[in-house]
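Student: A single structure is presented below for examination.
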């Protein structure tokens, strides 16, 4: 397996649907080949679901039964998104779809955090 060695790896993608999510998760799998824990919650930006490459001591994080690849997580993430609270729907000259935002930003000093999923509206033009 090839690993991506990069100290300042950044990834941000907003999209909708399984195909785009699988593409995003495939990109993240190069840096984080296995995910060992998760943490969900709500902050000022809304609901979030963090995936961690290593379990930590935070009581909010839960260790997975077995470490799994990000490319296997699409059904789990979609199930979580189905019950997540979305921000207000944007008003613009086009349409919106319930989507998601995957990002490596916002680790807040937690070095075990790999990436975060948030409910997000995907905006479409006319």
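Each reported figure results from applying straightforward, stated rules to the coordinates on display, with no laboratory input. Quick caveat: nothing in here was measured; it's all calculated off a predicted structure. Virtual Cβ from ideal backbone geometry, glycine too; neighbours counted across all protein chains shown.
Student: Compute the angle between helix 18-31 and the longest alpha-carbon principal axis of the chain, please, reported from 0 to 90 degrees and rounded to the nearest 10.
Tutor: Around 30 degrees separate the two axes.
Student: Return a whole-number percent for the relative contact order of region 43-126, with Cα pairs under 8 Å and 6 or more residues apart as the contact set. Provide the component values of the computation, followed by the final result.
Tutor: On the way: 107 pairs, mean separation 35.1, N = 84.
Relative contact order of region 43-126: 42 percent.
Student: Further question: Which angle from 0 to 90°, rounded to the nearest 10, does the C-alpha axis of helix 74-83 make with the longest principal axis of the chain?
Tutor: The angle comes out near 50 degrees.
Student: Using a Förster distance of 41 Å, how high is the FRET efficiency between residue 126 and residue 65, based on the Cβ-Cβ distance and rounded to 0.05?
Tutor: 0.35
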